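**Q** One structure, as structure tokens, below. Some questions next.
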Amino acid sequence: MPIECIVQDNIVETSNINTVFLKPKTDFHFRTGQFIEFTIPGVGEAPFTPSSSPLVTDKFEVTIMKVGRVTERIHALKKGDTIGIRGPFGKGYPIEKYYGKDVLILGGGVGLAPLRSLLLKLLSEVEKFNKIVLCYGSRSPEDVVYKRLFPEWKNIKGLEILRSVDRCPSGKWDETVGLVTCLLDKCEIELSNSVAIVCGPPIMMKFGTKKLLELGHEPENIYLSMEKNMSCGLGKCGHCQLGPYFVCKDGPVFTYEEIKNIEGIWD
Ligand SMILES: Cc1cc2nc3c(=O)[nH]c(=O)nc-3n(C[C@H](O)[C@H](O)[C@H](O)COP(=O)(O)OP(=O)(O)OC[C@H]3O[C@@H](n4cnc5c(N)ncnc54)[C@H](O)[C@@H]3O)c2cc1C
Ligand code: FES
């Protein structure tokens with residue numbers, strides 16, 4: 001049975017990305033990186049990863065890019081509307097494995113949504129990590145998600161932030177211009193004691209992983225958040241199959257080592 005949630009707010013982040021604030025009727029616990037199925041009665045279901053802190057259980061946020069039928073309806077939700085969610089599903093990020101290490105986070109576009117939840121969790125126990133670096137890229141300055149939050153994040157001790165935009169015709173950007181992968185050349189990471197966590201569109205994940213490998217990151221220390229078609233979310237229907245894995249049950253987070261030999265992982 002879906003968990004009923006009341007929409008508390010639905011705010012615009014960019015021209016095609018909104019963040020929906022939800023209050024579940026009962027407390028909702030998730031691990032950062034786990035996902036939910038968002039149900040719009042009469043329209044359908046779609047999977048999304050909560051973008052808020054997993055430590056807060058009486059409300060949560062989901063940041064959603066408008067691409068089709070379900071996401072269009074989610075963008076149109078108003079304060080006070082009721083929706084259903086199923087989940088949480090999947091395993092999420094194995095945070096304990098990152099203790100004592102340099103944590104490099106590489107995000108593209110709306111891929112920053114799950115990474116924001118991860119970041120909030122890491123920052124809640126920041127002393128357990130050697131250093132946290134967030135590299136974030138978007139198409140243009142207008143497409144930057146969480147513009148309202150970056151000024152606050154930039155003041156957090158123990159967190160280094162590097163941002164890029166693919167292009168900036170307006171000239172209103174005083175940070176890096178170039179694909180997000182170029183930020184990796186600017187990061188000072190202790191390779192022998194680090195993990196890299198990547199989330200974004202498939203093309204960015206592909207080239208991000210390639211660049212990390214070229215720089216010397218080990219396949220078993222690269223964590224990828226994989227997107228596949230989902231249906232049941234329970235490892236039963238087979239819609240989300242990736243080689244020997246079901247992404248909904250065994251993922252959505254995999255190390256590159258686990259999936260590198262499976263054909264078509266970026267499709
Ligand atoms: C585990 C998991 C977590 C996810 N978390 C998030 C999240 O936090 N935020 C978020 O915005 N999305 C997330 N997604 C992607 C999201 O589920 C899809 O965008 C959504 O299902 C599209 O539903 P729709 O009915 O609106 O579009 P559909 O009607 O199914 O698709 C419309 C068109 O858009 C294309 N399309 C679909 N998805 C994408 C995409 N991601 N990028 C570009 N084109 C696309 C389709 O190929 C199709 O042509 C996640 C997906 C998975 C599997
Ligand atoms: S969504 Fe059904 S098996 Fe994964």
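The values are calculated or read from the model by the stated rules, or taken from the named source; none is laboratory data. Bear in mind the structure is a predicted one, so any value in this text is a computation, not a measurement. For neighbour counting, all protein chains shown are included, and Cβ atoms are generated from backbone atoms with ideal geometry for every residue, glycine included. The area values use the complete protein model at the heavy-atom level, side chains included, leaving out ligands, DNA and RNA. Shrake-Rupley method; radii C 1.70, N 1.55, O 1.52, S 1.80 Å.
**Q** How high is the relative contact order of the stretch 27-134, in percent, counting Cα pairs under 8 Å that sit 6 or more residues apart? Each step should come with its number before you reach the end.
**A** Values: 174 pairs, mean separation 36.8, N = 108.
Rounded, it is 34 percent for the stretch 27-134.
**Q** Let me ask something else about it. Could you identify which residue out of Gly243, Gly109, Gly200 has the top mean-square fluctuation in a GNM of the chain using Cα springs shorter than 10 Å?
**A** Highest fluctuation among the options: Gly243.
**Q** What share of all Cα pairs of the stretch 108-267, in percent, falls into each consecutive 10 Å distance bin?
**A** For the stretch 108-267, the binned pair fractions read 10, 36, 35, 17, 2, 0 percent.
**Q** Using each residue's phi in the stretch 195-201, evaluate 6.51 cos²θ - 1.76 cosθ + 1.60 at θ = phi - 60° and report the 3J(HN,Hα) Karplus result to the nearest Hz, with x for Gly and Pro.
**A** For the stretch 195-201, the Karplus curve yields 10, 10, 10, 10, 8, x, x Hz.
**Q** Of the options Asn229, Tyr146, Pro24, report the single residue whose Cα projects farthest towards the positive end of the charge dipole of the chain (beta-carbon charges: Lys, Arg +1; Asp, Glu -1).
**A** Pro24
**Q** Whole number in Å², please: accessible area per residue of the stretch 216-267, 1.4 Å probe, ligands, DNA and RNA not counted. Before the final figure, lay out each step's value.
**A** Numbers: 2670 Å² over 52 residues.
That works out to 51 Å² per residue.
**Q** Return the whole-Å distance between the Cα centroid of the stretch 86-143 and the Cα centroid of the stretch 1-43.
**A** 19
**Q** In whole Hz, with x marking every Gly and Pro, tabulate ³J(HN,Hα) for the stretch 65-72 from phi via Karplus 6.51 cos²θ - 1.76 cosθ + 1.60, θ = phi - 60°.
**A** Coupling constants for the stretch 65-72: 8, 7, 10, x, 4, 5, 5, 4 Hz.
**Q** Can you sort Arg31, Arg73 by solvent-accessible area, 1.4 Å probe, largest first? Could you put the intermediate results ahead of the total?
**A** Values: Arg31 100, Arg73 125 Å².
Of Arg31, Arg73, the descending order of accessible area is Arg73, Arg31.
**Q** Right, something else. Given a 1.4 Å probe and every protein chain left where it sits, what share in percent of the accessible area of the chain is carbon and sulfur? Write out the running numbers ahead of the final one.
**A** Numbers: 6300 of 12470 Å².
Of all accessible area on the chain, carbon and sulfur atoms account for 51 percent.
**Q** What is the chain's relative contact order, in percent, from Cα pairs under 8 angstrom and six or more apart in sequence? Please report the intermediate quantities before stating the final value.
**A** On the way: 564 pairs, mean separation 46.6, N = 267.
Over the chain, the number comes to 17 percent.
**Q** Let me ask something else. Stick to Cα atoms and the Kirkwood definition of Rh, then tell me Rg/Rh for the stretch 31-160. It would help to have the intermediate numbers written out before the result.
**A** Details: Rg = 15.7 Å, Rh = 16.0 Å.
Expressed as Rg/Rh, it is 0.98.
**Q** List the residues of the stretch 137-171 whose backbone N lies under 11 Å from a point placed 7 Å from the Cα of Leu215 along the Cα-to-Cβ direction.
**A** 162
**Q** Kindly give the semi-axes, whole Å and largest first, of the ellipsoid equivalent to the chain, taking each as the square root of 5 times a Cα gyration tensor eigenvalue. Each step should come with its number before you reach the end.
**A** Numbers: eigenvalues 153, 98, 67 Å².
Semi-axes, largest first: 28, 22, 18 Å.
**Q** Rank these by accessible area, largest first, 1.4 Å probe: Ile3, Ile74.
**A** Working: Ile3 40, Ile74 0 Å².
Output order, biggest surface exposure first: Ile3, Ile74.
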